[in-house]
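The values are calculated or read from the model by the stated rules, or taken from the named source; none is laboratory data. In this text, all values refer to a predicted model and were calculated from it rather than measured experimentally. Don't worry about glycine lacking a Cβ; one is built from the backbone with ideal geometry, like all the others, and counts go over all protein chains shown.
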Amino acid sequence: MSDDERSEREDRLHRALNYPYEWPGTCYLFHGGRAHPVTHREPLRNGRIPVLAYGSNRAPEQLVRKFGALDAADAIFVERCEISGWDVVHSAHVTSYGAVPAALHVHEDVTVTVAITWLNHEQVKAMDISERAGRNYGRERLGRTAILSDGIACDAVEAYITTHGPLTVEEEIVGHADVDARGRSRFALRNAEVLARAHREIAPAVAFEDFVIRLSTDAPYRERVTGRLKEGL
């Protein structure tokens, strides 16, 4: 294996296994390919569309992939928020890069700490494309009030809702352990743990890393695994 091939393999494994990636855990302004501190929040919301970021879309690493470096004039305000009545779980499908992504699921007793990306219209279009809107997710008005970082209530939040349904493990919907939640009674798993379980159930004869690599490189195989996830693990 050449150095380039090894580097590509490592990148693929990182992207699949480390979803939903690190985020600062607080508000930040994304431009120039990284997170910047926020001082005044209200002007950053004006004229923007609030789109819930409950998985990788709150992470600077993923925003770089989707939007590039971005000039300061087009900066995206990523705002920490809380929303009740929903839990963050796992969608019953595999992404093009080999992760099992997050999904929202109604749960009246749960409050999750997530984020809102305040996007302009062109950025919403780009996000729709990246989320394969209409195939993997549908963007819709959430119907719940988000409590913003300064305590303001926002009831205009839009969110991407999976079209594949929630993943079940041993016939139970499982929480997403990478997302903070209060009131969650169901057990929770990280994305890498879900992939490990899928490997054991679906392809135990091959090495785990080879299984993950194939998910990101072999589209027909990825679709077959998605079909298996819909049956539960």
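A few points about this structure:
- Hits in segment 69-93 (condition: under 13 Å from Pro20 (Cα atoms) and either modelled with pLDDT under 95 or in contact with a helix residue (DSSP H, G or I) (Cβ under 8 Å, 6 or more places away or on another chain) (or both)): His90
- Each residue in segment 182-193 was checked for being under 15 Å from the mean Cα position of the chain (by Cα), surrounded by fewer than 21 Cβ atoms within 10 Å (Cβ to Cβ) and touching a residue at least 60 places away in the same chain (Cβ under 8 Å), and 1 of them qualify.
- Failed item, numbered, when Ser216 is tested on (1) closer than 30 Å to Glu79 by Cβ; (2) surrounded by 14 or more Cβ atoms within 10 Å (Cβ to Cβ): (1)
- In segment 167-181, the residues that are surrounded by fewer than 19 Cβ atoms within 10 Å (Cβ to Cβ), farther than 15 Å from Ile83 by Cα and out of contact with any Lys or Arg (no Cβ under 8 Å at 6 or more places or on another chain): Thr168, Glu170, Glu171
- Evaluation of Arg48 against (1) buried (at least 16 other Cβ atoms within 10 Å of the Cβ); (2) in contact with a Pro (Cβ under 8 Å, 6 or more places away or on another chain) (one fails), failing number: (2)
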